[in-house]
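Peer 1: Structure in structure tokens, see below.
The values are calculated or read from the model by the stated rules, or taken from the named source; none is laboratory data. A quick note: this is a predicted structure, and the numbers were derived from the prediction, not measured. Reconstructed Cβ throughout: ideal geometry from the backbone, glycine too, with neighbour counts over all protein chains shown. Areas reflect the complete protein model, heavy atoms only, side chains present, ligands, DNA and RNA absent. Shrake-Rupley method; radii C 1.70, N 1.55, O 1.52, S 1.80 Å.
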Amino acid sequence: MDIVSFLEGIDVGILTFANGHHSHVLDILMWWISDRYVWLPLYLMFAVIFVRKLGWSRGLVVIICVGLLITLTDQTCATYIRPAVARMRPSNPDNPISVCINIVNDYRGGAYGFPSCHAANTFAFAVYTSLIIKRRCIAIGLISWSLLVSYSRLYLGVHYPSDLLGGMVIGGAYAGTFYILLKKLKMVD
């Protein structure tokens with residue numbers, strides 16, 4: 001067995017384990033966790049924290065950079081990498097594994113899933129915000145939140161674990177780059 005087949009086996013094994021333990025309550029909870037609009041109050045709360053910590057001008061720059069960061073992360077994953085890699089989602093009916101996947105609310109996502117935009121965007125926000133605020137409890141909370149959102153994508157059967165990991169790497173790299181740029185511009189400490 002070659003290393004690629006071995007890693008694919010692990011990927012499928014983790015996915016089928018996470019996706020295979022369904023209940024009505026978990027279906028509702030994971031659907032809700034995966035919804036991007038549910039988290040708007042969280043984003044607004046951190047916008048207020050940025051302004052209170054950094055003042056209006058620097059806080060506004062940091063908030064604008066959040067928008068740019070998420071846009072860049074999302075577009076990199078969805079517009080450039082996904083079509084180039086063209087890895088079918090596990091829930092895609094054309095993917096042979098789809099017959100083993102539990103589908104919630106008839107949601108299958110788009111055709112391709114690598115990398116996960118949910119993982120990339122939430123991880124980018126979590127890392128970026130943690131670097132700016134520099135409070136361990138906030139960093140732990142935001143990283144845990146990002147991991148929970150990512151797990152919801154496994155549970156819903158729309159991503160493999162490696163899709164999530166790829167998204168997290170991209171999101172973390174962009175977050176670090178944005179933070180370094182803001183630090184050089186003396187917008188953050």
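Results for (1) out of contact with any helix residue (DSSP H, G or I) (no Cβ under 7 Å at 6 or more places or on another chain); (2) charged (D, E, K, R); (3) within 24 Å of I64 (Cβ to Cβ), shown as yes or no for each residue.
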| residue | (1), (2), (3) |
| --- | --- |
| R135 | yes, yes, yes |
| S144 | yes, no, no |
| L148 | no, no, no |
| Y160 | no, no, no |
| L165 | yes, no, no |
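Peer 1: Based on this model, can you work out whether G55 counts as open to solvent by less than 50 Å² (accessible area, probe 1.4 Å) and at positive phi? Spell out the reasoning first.
Peer 2: Numbers: open to solvent by less than 50 Å² (accessible area, probe 1.4 Å): yes; at positive phi: yes.
Taking the combined requirement at face value, the residue satisfies it.
Peer 1: Only one residue in S57, S116 is under 28 Å from F178 (Cα atoms), touching an Asp or Glu at 6+ places or on another chain (Cβ under 8 Å) and of a type in the set (S, T, Y). Which one? Spell out how you get there, then give the answer.
Peer 2: On the way: S57 fails: touching an Asp or Glu at 6+ places or on another chain (Cβ under 8 Å).
After applying the criteria, what remains is S116.
Peer 1: So, one more: Please go through the range 8-35 and give me each residue that is farther than 12 Å from V104 by Cα and part of a helix (DSSP H, G or I), ordered by number.
Peer 2: E8, G9, I10, D11, V12, G13, I14, L15, T16, F17, A18, I33, listed by residue number.
Peer 1: Could you give me the residue pairs with C-beta distances under 8 Å whose first residue belongs to the range 128-140 and is in contact (Cβ under 8 Å) with a residue 12 or more places away in the chain, whose second residue is among the basic types (K, R) wherever it lies, and which are 6+ apart or on separate chains?
Peer 2: Qualifying pairs under 8 Å: I132/K53; I133/K53.
Peer 1: Please find, within the range 67-102, the residue that is farthest from Y128 (Cα to Cα) out of those that are small (G, A, S) and surrounded by 13 or more Cβ atoms within 10 Å (Cβ to Cβ). Write out each step before concluding.
Peer 2: Let us first name the residues in the range 67-102 that are small (G, A, S), namely 67, 78, 84, 86, 91, 98.
When the remaining residues are screened for being surrounded by 13 or more Cβ atoms within 10 Å (Cβ to Cβ), the result is 78, 91, 98.
Numbers: A78: 20, S91: 31, S98: 35 Å.
Among them, the one singled out is S98.
Peer 1: Go through (1) open to solvent by less than 30 Å² (accessible area, probe 1.4 Å); (2) out of contact with any Phe, Trp or Tyr (no Cβ under 8 Å at 6 or more places or on another chain) and name the single condition D11 misses.
Peer 2: (2)
Peer 1: Return the total of residues in the range 36-63 being of a type in the set (F, W, Y) and outside any helix (DSSP H, G or I).
Peer 2: First pass over the range 36-63, keeping only residues of a type in the set (F, W, Y): 37, 39, 43, 46, 50, 56.
Among the residues that remain, those that are also outside any helix (DSSP H, G or I) are: none.
The number of residues fulfilling the criteria is 0.
Peer 1: Which residues, taken from the range 103-126, are of a type in the set (V, I, T) and open to solvent by less than 30 Å² (accessible area, probe 1.4 Å)?
Peer 2: Step one: of the range 103-126, the residues of a type in the set (V, I, T) are 103-104, 122.
Selection gives V104, T122.
Peer 1: How many of the residues in the range 144-189 are open to solvent by 50 Å² or more (accessible area, probe 1.4 Å) and either part of a helix (DSSP H, G or I) or within 25 Å of W32 (Cβ to Cβ) (or both)?
Peer 2: The number of residues fulfilling the criteria is 13.
Peer 1: Another one. Going through the range 68-122 one residue at a time, which ones are assigned to a loop (DSSP other than H, G, I, E, B) and under 14 Å from M168 (Cα atoms)?
Peer 2: To start, the set of residues in the range 68-122 that are assigned to a loop (DSSP other than H, G, I, E, B) comprises 86-87, 89-95, 101-111, 113-116.
Passing the criteria: G113, F114, P115, S116.
Peer 1: How do the pairs read when you match residues in the range 39-52 that are open to solvent by less than 90 Å² (accessible area, probe 1.4 Å) with residues anywhere that are of a type in the set (A, V, I, L, M, F, W, C), using Cβ under 6 Å and keeping only pairs 6 or more apart or on different chains?
Peer 2: These pairs meet every condition: A47/I63; F50/V62; F50/I63.
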